[in-house]
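A.B. asks: Dropping the structure in here first, questions after.
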Amino acid sequence: MAYLLRSLILIMFIGILFTALLAMGWVNYPMSHIQIAIPAFIYTIFAQAFVMFYFIGVARLTNNVYSIVTSGTNLNELFDNPPADLAPYVEKTKKFVEEADRSKRQTIPWTILMLILGMIAFLLGGAHDTGLVQKTTHSGVVLGFFVAMTIGFVRQWYYLGKSHKLLRKLKGLYEIPDGQM
């Protein structure tokens, strides 16, 4: 799943970069940057929603496993034959919970900032097109969006890899099949 999500955010980054290069006149294309910006930003919303829910899902799964192991109830959901000593499982799962929460905390704020700045830039682009705001206002917010998107992209790329490895370790520890969440 992490590879799919990395592909989605890479396509998002390329689409927004192409839109910006087209707006600055550095790339020649028969369509205007406005016509490209509409599907590019809709795609950005789509890709960021998937990434955000992935991190939320990973954190939720690790928290659910941790609560099962610490409570000692419903152990048959994780084990065929529950071990007598759960202390090593509790300790490892606690580290997984901390890592999943860290990944969520490091990526979701950038996702939200990216979406908010993108929406404002999109609306200001329409306002500039109708003559209500100056080009510098629209361009400044677009620059902020691009910076937030770049930082968010790098963080998401890094933490998607870490979360992928975390899921592998968690599923390996409890022998959870790959297709099951």
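The values are calculated or read from the model by the stated rules, or taken from the named source; none is laboratory data. Predicted model, so just to flag it, every value in this text is computed and none were measured. Using ideal geometry, Cβ is built from the backbone for each residue, glycine included, and neighbour counts are taken over all protein chains shown. Side chains are part of the model used for accessible areas, which takes the heavy atoms of the whole protein and leaves out ligands, DNA and RNA. Shrake-Rupley method; radii C 1.70, N 1.55, O 1.52, S 1.80 Å.
A.B. asks: For segment 10-25, state whether one or more residues are farther than 14 Å from Met149 by Cβ and part of a loop (DSSP other than H, G, I, E, B).
C.D. replies: Within segment 10-25, one or more residues are farther than 14 Å from Met149 by Cβ and part of a loop (DSSP other than H, G, I, E, B).
A.B. asks: Could you say which residue among Ala37, Ala2 is on the phi < 0 side of the Ramachandran plot, at pLDDT below 90 and open to solvent by less than 30 Å² (accessible area, probe 1.4 Å)?
C.D. replies: The unique qualifying residue is Ala2.
A.B. asks: Continuing with the same structure: For segment 162-181, give me each residue that is of a type in the set (Gly, Ala, Ser), open to solvent by 70 Å² or more (accessible area, probe 1.4 Å) and either more than 30 Å from Leu75 (Cα to Cα) or more than 21 Å from the chain's Cα centre (by Cα) (or both).
C.D. replies: none
A.B. asks: Of the residues Thr107, Thr93, Thr136, Thr111, which is open to solvent by 60 Å² or more (accessible area, probe 1.4 Å), of a type in the set (Ser, Thr, Tyr) and part of a helix (DSSP H, G or I)?
C.D. replies: Answer to the check: Thr136.
A.B. asks: Sticking with this one: Find the residue count for segment 124-133, including only residues that are open to solvent by less than 60 Å² (accessible area, probe 1.4 Å) and closer than 18 Å to Thr19 by Cβ.
C.D. replies: Final tally of qualifying residues: 4.
A.B. asks: Just checking, does segment 136-145 include any residue being under 16 Å from the mean Cα position of the chain (by Cα) and within 15 Å of Thr19 (Cα to Cα)?
C.D. replies: Scanning segment 136-145, I find at least one residue that is under 16 Å from the mean Cα position of the chain (by Cα) and within 15 Å of Thr19 (Cα to Cα), so the answer is yes.
A.B. asks: Sticking with this structure for a sec: Scanning segment 40-90 for residues that are touching a residue at least 24 places away in the same chain (Cβ under 8 Å), in a helix (DSSP H, G or I) and more than 26 Å from the chain's Cα centre (by Cα), which turns out surrounded by the most Cβ atoms within 10 Å (Cβ to Cβ)?
C.D. replies: In this case the residue turns out to be Val69.
A.B. asks: For segment 92-108, does any single residue satisfy the condition of being in contact (Cβ under 8 Å) with a residue 40 or more places away in the chain, within 29 Å of Tyr43 (Cα to Cα) and aliphatic (A, V, I, L, M)?
C.D. replies: yes
A.B. asks: Mind checking which residues of segment 146-161 are closer than 30 Å to Pro88 by Cβ and either surrounded by fewer than 16 Cβ atoms within 10 Å (Cβ to Cβ) or more than 24 Å from the chain's Cα centre (by Cα) (or both)?
C.D. replies: Tyr158, Gly161
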